[in-house]
Amino acid sequence: MKKLIARVALLAIAICTLLSCNTAPKGYTLKNGTFHYNTPARPAGQQDMLAFAAEPIDTVRVGFIGLGMRGPGAVKRFTYIPGTKVVALCDLNPQGVAKSQAYLAAAGMPAADEYVGDENAWMELCKRDDIDLIYIATDWSTHAKMGVYAMEQGKHVAIEVPAAMTMDEIWALINTSERTRKHCIQLENCVYDFFEITTLNMAQQGLFGEVLHVEGAYIHNLDEYWGEYWNSWRLKYNAHARGDIYATHGIGPVCQVLDIHRGDRMKTLVAMDTKAVNGPKAYKKHLGEECPTFAQSDHTMTMIRTEKGKTIHIQHDVLTPRPYSRMYQLTGTAGFANKYPVQGYCFQPEEIPSDAAPELDNLNSHNFVPEDVKKALMEKYKHPIVKDIEEVAKRVGGHGGMDYIMDYRLVYCLRNGLPLDMDVYDLAEWCCLAELGALSIEHNSAPVEVPDFTRGGWQKIDGYHHAMK
Ligand SMILES: NC(=O)c1ccc[n+]([C@@H]2O[C@H](COP(=O)([O-])OP(=O)(O)OC[C@H]3O[C@@H](n4cnc5c(N)ncnc54)[C@H](O)[C@@H]3O)[C@@H](O)[C@H]2O)c1
């Protein structure tokens, strides 16, 4: 009898463990064939950060963490932005710090304090009381923990893409931002590309009718870069992660067109990928070892349907020899826009009398508009935030100027006490494709519900807008 009781008890423990493994630890449940991620309740006393504006800051004092290939360019751009002061620089390696100091010296600015060589020196930088903004451009594994810590120390934080790699990291950034009332912005530069931002303005003026379907991508063969990243972190990350781990350049600009969490929201996602062929080869070539478990596919696709019945298609491919592309494509009821490989617009033909037979010569809605019409449209619909700074943006550069516009807008909004162009919920939505996509892929492309990261506030703001003084 005792043996029987012991066996029943063991069986009960095994069943409980099995059930809890399927739900609690991973934070999701499976209901009617769809995965649902648990949305943690907003802690008492905490408010959302929708349209949040902080007190104006006269001179934005910045500390930079991560000065590898990307970081020093940001320091250089800040030397061109009025109302800023570069206070501190941090990296494990001295080279990027020296390069950044040289940019400051060339601009006639004082040298910044240095935090070099120590893995945790960035914490000391964050603790300073003469810094308003921490600008993070380290590898992906450190972004979220640095962002959380910086906000805990009372600083606004700007984090390179992707700012968070997992759902836990996403919720940690959201909760910390809401609790500390500090901005947490992801440094997504492609939303400021001249074609994207002009097209956003055209969409907002109704030129494409109702935009129903959008596409975006990060297609960039990284073969010549893999060996350049510090400690080969990027190839190693690709070796262990499935799903779209670098979605933000593709999804950011199209989410702004669709007013995501400003009237619509991403609802359900499905993802699919190819087998991994070039990834393991790249691993062997650059790291000198076999990696039979290389996880990232050569090509990953994610499809999302929104609450209001729009669709989004995002692609990721950093391993095959393809021309660079972010796709950027909008399909509307009255028009179409496309950036890669051919930039152009296409519109519904003028009203044709109903008794007239279609003429083959009338190819308006079958082709892009002529180049001179496209140019005139782009001039007419130049976005107001670009008009005043286009020239200096092109001169200072950073991916043709969009990086400068991104930093300029961040500082402009902080100095004027305005909501930033991107909030912590944009960060969450654009980064969640990694873990949610992997979950879908690993379950035969099963649908996954995208959490409402605003926890009920996605209709509070009426459409996407840039704040202006
Ligand atoms: N928005 C864009 O267009 C764009 C372009 C390139 C890179 N990025 C992003 O920028 C980030 C950095 O990329 P990268 O190409 O410069 O990589 P990188 O490997 O060249 O630089 C990363 C740097 O972080 C430093 N670092 C790591 N841990 C640190 C710590 N504990 N303390 C201080 N420094 C630390 C390393 O020493 C290294 O210098 C990544 O998130 C990447 O995705 C964005």
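Within region 115-132, restricting attention to residues that are surrounded by 11 or more Cβ atoms within 10 Å (Cβ to Cβ) and more than 17 Å from Val86 (Cβ to Cβ), the residue that is farthest from the ligand (Cβ to nearest atom) is Lys127.
Selection of region 422-446 for residues being under 16 Å from Ile312 (Cβ atoms) and in contact with a Lys or Arg (Cβ under 9 Å, 6 or more places away or on another chain) yields Glu429, Ala434, Gly437. Scanning region 171-211 for residues that are within 16 Å of the ligand (Cβ to nearest atom), among the hydrophobic types (A, V, I, L, M, F, W, C) and either under 30 Å from Ile389 (Cα atoms) or assigned by TED's automatic domain parsing to the domain that holds Ile314 (or both) returns Cys184, Ile185, Leu187, Cys190, Val191, Phe194, Phe195, Ile197. Screening Gly108 on (1) more than 16 Å from the ligand (Cβ to nearest atom); (2) in contact with a Cys (Cβ under 9 Å, 6 or more places away or on another chain) shows it passes everything except condition (2). Determine whether Gln101 is surrounded by 14 or more Cβ atoms within 10 Å (Cβ to Cβ) and within 15 Å of the ligand (Cβ to nearest atom). Spelling it out, Gln101 is indeed surrounded by 14 or more Cβ atoms within 10 Å (Cβ to Cβ) and within 15 Å of the ligand (Cβ to nearest atom).
Of all residues in region 133-150, those satisfying the criterion of being hydrophobic (A, V, I, L, M, F, W, C), part of a helix (DSSP H, G or I) and within 11 Å of the ligand (Cβ to nearest atom) are Trp140, Met146.
Note on region 55-70: residues that are within 12 Å of the ligand (Cβ to nearest atom), surrounded by 24 or more Cβ atoms within 10 Å (Cβ to Cβ) and not aromatic (Phe, Trp, Tyr) total 4.
If the condition is being of a type in the set (S, T, N, Q) and surrounded by 24 or more Cβ atoms within 10 Å (Cβ to Cβ), then region 427-453 contributes only Ser440. Against the list (1) out of contact with any helix residue (DSSP H, G or I) (no Cβ under 6 Å at 6 or more places or on another chain); (2) over 23 Å from Val60 (Cβ atoms), the condition Gly397 fails is (2).
The values are calculated or read from the model by the stated rules, or taken from the named source; none is laboratory data. These numbers come from a predicted model, not from an experiment. Cβ sites come from the backbone with ideal geometry, for glycine too, and all protein chains shown count toward neighbours.
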